[in-house]
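The values are calculated or read from the model by the stated rules, or taken from the named source; none is laboratory data. Bear in mind the structure is a predicted one, so any value in this text is a computation, not a measurement. So basically every Cβ, Gly included, is an ideal-geometry build from the backbone, and we count neighbours across all protein chains shown. What goes into the accessible areas is simple: the full protein's heavy atoms, side chains included, and nothing from ligands, DNA or RNA. Shrake-Rupley method; radii C 1.70, N 1.55, O 1.52, S 1.80 Å.
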Amino acid sequence: MPSADTRASTGGVGAVPPRAGARSDDPESTKYRPGDPGYRRLSLALFAAGLVAFGLLYSTQALLPAISADLGVTAGRASWTVSGATIGLAVAVLPLSALSERFGRRRTMTVSLAVAVALALVMPLAPSLDALTALRVAQGVAIAGVPASAMAFLSEEVRARALVGAVGLFVAGNSIGGMSGRILTGWVTQMWGWRAALAALGVATLLCAVAYAVLAPRARHFTPSRVSPRALARTVRTHLANPLLVRLYVIGLLFMTVFGAVYTVIGYRLVGEPFGLSQGLAGSIFAIYLVGTVSSATSGRLHGRLGRRGALYVAIMTTTTGLLLSLADSLLAVAGGLVLITAGFFAGHAVASGSVSRTATEGRAQASALYQMAYYLGSSVGGTVGALAYHGGGWPATVAFSLLALVGAAGVTLYATRRARRTALLAA
């Protein structure tokens, strides 16, 4: 019997009849479009999946000062509860993207969410930091099934003209999940401790995972294919032999290194002197993530006006200005610096990730997965090294490390600019 991911659309939930006059052999005619019940169900299901995945991925980030105080560990050791999850995701996203080709996007996401939430419900009982870190690594591996499958699920089931809107809702779920998870855990920690905060987040994400399972319609355009490690390796080698793709991967890694360092350490800076904020107020600083939603949305216009490299230069300068501003011992200056850092990061990330999709002419899922691997490895490096820098030299040391990563991103972009100019001169 065929699986739920491969059944025909005639009996599927939210099935859409072809438009009047549409060709029966036109696959677009049977895909979801705005106004269809199936389109709404799929969009809301992916929104819920984004809430779960990115609410859980950084669930301990706002809790690090409390975990350090309760377990008597340094910022560097506590940061592994964040870096472990992102390493797990980075390692698993490529193989899970391949498995989704065999078992289906919907099934892959359902299993991933179920395992991630189950681990979230166990996590408050972790007896030690090492046990908590091990659970977080496993949770990162589970979460990887969501970004590995979501875009392909949407592109297969939604008409091309409506795809941007559906993807936008999924991305909104990512950012809102990441923001709300940190804020929720920050306030619950202040009242009842970090274990209670993780428990509350586990229950909240369980409800969202159930919503995904109920809402997600059956896949009607998925065709399973055999997983071939040899073919996957060949595709990966092809992408890594493309100089432009490699530069984009490096830029994504370096931008995320900065972002991971800043947001892993900022809680320690805000609860310490001279600010002395409560855990709840320090966690609320993650509301600045909303700036990233706006910045990502406007990055397309920036790219259209200045080109890819011009947009990256603007993103690098914006992030650099924010880092320098955050050095001031003024809460207003720190908040303003975080706004600029967040805006610059999301703009740079949107330009780099979008350029990957446009550059790869085949194997786009694997090209995107490689970018995500680099992106989340950058988060892991930034979170761990940024915390070690903070432990050794305070916030200025974390800023210095972040500026070094931006110098690397600027160097890669400058190299691409000079190479493009040489190519243009030779062609003239």
> How large is ³J(HN,Hα) for each residue in the range 270-276, as worked out from phi by the Karplus curve 6.51 cos²θ - 1.76 cosθ + 1.60 (θ = phi - 60°), to whole Hz, x for Gly and Pro?
Replying inline: 7, 7, x, 6, x, 8, x
> Using modelled amide H (1.01 Å from N, peptide plane; none on Pro or chain starts), what sits under 5 Å from the amide H of G272, excluding residues fewer than 5 places away?
Replying inline: L277
> Looking at the range 261-328, which chymotrypsin sites (Phe, Trp or Tyr not before Pro) are DSSP coil and have at most 16 other C-beta atoms within 10 Å of their C-beta?
Replying inline: F275
> For the range 206-337, rounded, prolate or oblate, judged on the Cα gyration tensor with a ≥ b ≥ c (square roots of eigenvalues), a/c < 1.5 rounded, else prolate if a/b > b/c?
Replying inline: oblate
>> Could you give the length gained by full extension between A333 and L121, i.e. 0.36 nm per residue of separation minus their alpha carbon distance, to one decimal place?
In response: 72.5 nm
> Comparing P217, P147, P243, which has the greatest mean-square fluctuation in the GNM of the chain with Cα pairs linked when under 10 Å apart?
Replying inline: P243
>> Can you list residues from other chains, or at least 5 along the same chain, whose modelled amide H is less than 5 Å from the amide H of Y58?
In response: none
> Which far-off residues, 5 or more places away or on another chain, put their amide H under 5 Å from the one on V158, with H placed in the peptide plane?
Replying inline: Y32
> Dipole of the chain, Cα-centred, from +1 at each Lys and Arg C-beta and -1 at each Asp and Glu C-beta, to the nearest 20 debye?
Replying inline: 1480 debye
> For the range 133-144, what does the Karplus curve 6.51 cos²θ - 1.76 cosθ + 1.60, with θ = phi - 60°, yield as ³J(HN,Hα) per residue in whole Hz, taken in order and with x for Gly and Pro?
Replying inline: 5, 5, 5, 5, 4, 4, 5, x, 4, 5, 4, 4
> Excluding ligands and nucleic acids, what accessible area in Å² is computed for D329 using a 1.4 Å probe, to the nearest 10?
Replying inline: 110 Å²
> With every protein chain present, what is the per residue accessible area of the range 276-390 (1.4 Å probe, Å²)?
Replying inline: 39 Å²
> Looking at the range 180-264, which trypsin sites (Lys or Arg not before Pro) are in a loop (DSSP not H, G, I, E or B) and have at most 14 other Cβ atoms within 10 Å?
Replying inline: R226
> What list of ³J(HN,Hα) couplings, whole Hz, do you get for the range 404-418 from phi and the Karplus terms 6.51, -1.76, 1.60, once you set θ to phi - 60° and write x for glycine and proline?
Replying inline: 4, 5, 5, 4, x, 5, 5, x, 5, 5, 5, 4, 5, 5, 5
> Rounded if a/c is under 1.5, else prolate if a/b beats b/c, else oblate: with a ≥ b ≥ c from the C-alpha gyration tensor eigenvalues square-rooted, which is the range 340-392?
Replying inline: oblate
